[in-house]
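Okay, so here's the structure we're looking at.
The values are calculated or read from the model by the stated rules, or taken from the named source; none is laboratory data. Here the structure is a predicted model, which means the values were calculated and not measured. All Cβ positions, even for glycine, are placed from backbone atoms using ideal geometry, and neighbour counts span all protein chains on display. Ligands, DNA and RNA are excluded from the accessible area calculation, which covers all protein heavy atoms including side chains. Shrake-Rupley method; radii C 1.70, N 1.55, O 1.52, S 1.80 Å.
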Amino acid sequence: MERKIIAVCGKGGVGKTAFTSMMTKVLSQQQSSGKLLVIDADPALGLPFSLGLTTDLTIGKVREEIIKAAQAGETDQTAIVEKLDYMIFKALVEEKGFSFLAMGCMDKKGCFCALNDLLRDAIAQLSNTFDTILIDGEAGLEQINRQVVDKVNTLIIVTDTSYRGMQTVKHIKQLVDNGCVPACDQIGVVLNRGKDSVTPLETMAQEIGVPILGIIPYDRLVEKHDFAGKPLLKLPEESLALQAVTRIAKHINQL
Ligand SMILES: Nc1ncnc2c1ncn2[C@@H]1O[C@H](COP(=O)(O)OP(=O)(O)OP(=O)(O)O)[C@@H](O)[C@H]1O
């Protein structure tokens, strides 16, 4: 099975976390996804809550621990790599149908290039043991670029049905075209909380040069689950948003 890397990005508040959670549910139930790894690369760390997970250990914390060990005099490279591998393994949360890793905050000041390279290698090695990797990223994809992967198969930009949302889509497309973010084979947009008529947005998407992968309707069940703090993994099959995400996942599989 060829490894597939799907990255999700978009402006804050458009429903990126809700989309990634529903994708996690759909992909974890699809046999064709194989072994699934979900990575939260958004430092805001909203995804674990939406998936009903608790994570104490993020990659950012692993990084801090290694920096502390180095500052305390640990210079043995082999020992550092072993500690790093062990801690990354500990940071991996095993769930039914998927594994989860949170990147957390990676911004501790200072020059830690060597450590960053080690971390990147360790994450790459771990990722290689999975068939599908779903990454929830920030709008600008900074962290995915620096820490997670150097190539993405499908980049999904989630937006609401606003003009400003489409401007962010345009901006992200420009970042991709200018090589500021990882190379990606396919790029597409998902319109979330779609209204009856999205024709002007479809025209805009065409002008920007990104195909629309699907439209997710406003769904009271999503809002109710989030409001009650219930994981979106528990959405029932009759959820219209979940049904739309299922169609989007199928569409991506066929790309
Ligand atoms: N299709 C939908 N139908 C109804 N409500 C939705 C839908 N998608 C998202 N929401 C609601 O919109 C709000 C924002 O969604 P979400 O937290 O997923 O956005 P986000 O883009 O991840 O935001 P942030 O960047 O702040 O993490 C949530 O309260 C969520 O329940």
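When you look at ASP85, is it open to solvent by 50 Å² or more (accessible area, probe 1.4 Å) and at pLDDT below 85, yes or no? I'd like the intermediate steps shown before the answer.
On the way: open to solvent by 50 Å² or more (accessible area, probe 1.4 Å): yes; at pLDDT below 85: no.
Considered against the rule, which asks whether it is open to solvent by 50 Å² or more (accessible area, probe 1.4 Å) and at pLDDT below 85, ASP85 comes out as no.
Scanning segment 62-88 for residues that are over 19 Å from the mean Cα position of the chain (by Cα) and hydrophobic (A, V, I, L, M, F, W, C) turns up VAL62, ILE66, ILE67, ALA69, ALA70, ALA72, ALA79, ILE80, VAL81, LEU84, MET87. The criterion of at least 2 residues that are out of contact with any Asp or Glu (no Cβ under 9 Å at 6 or more places or on another chain), open to solvent by less than 50 Å² (accessible area, probe 1.4 Å) and within 16 Å of the ligand (Cβ to nearest atom) is met by the following helices (runs of 4 or more DSSP H) wholly inside segment 1-78: 16-29. Being open to solvent by 90 Å² or more (accessible area, probe 1.4 Å) and at pLDDT 95 or above is the filter; apply it to segment 238-255 and report the residue that is nearest to the ligand (Cβ to nearest atom). The residue in question is LEU240.
Taking segment 201-223 as the search range and keeping residues that are within 11 Å of the ligand (Cβ to nearest atom) and open to solvent by less than 60 Å² (accessible area, probe 1.4 Å), which one is nearest to CYS184 (Cα to Cα)?
Initial filter on segment 201-223 (within 11 Å of the ligand (Cβ to nearest atom)): 215-223.
Filter once more, so that each one left must be open to solvent by less than 60 Å² (accessible area, probe 1.4 Å): 216-217, 219, 221-222.
On the way: ILE216: 23, PRO217: 27, ASP219: 30, LEU221: 33, VAL222: 30 Å.
Among residues in segment 201-223 that are within 11 Å of the ligand (Cβ to nearest atom) and open to solvent by less than 60 Å² (accessible area, probe 1.4 Å), the one nearest to CYS184 (Cα to Cα) is ILE216.
Residues of segment 153-194 that are open to solvent by less than 30 Å² (accessible area, probe 1.4 Å), within 15 Å of the ligand (Cβ to nearest atom) and either within 18 Å of ASN253 (Cβ to Cβ) or assigned to a strand (DSSP E or B) (or both): ILE156, ILE157, VAL158, THR159, VAL189, VAL190, LEU191, ASN192, GLY194. Taken together, the criteria exclude LYS96 from residues that are open to solvent by 20 Å² or more (accessible area, probe 1.4 Å) and more than 28 Å from ALA228 (Cβ to Cβ).
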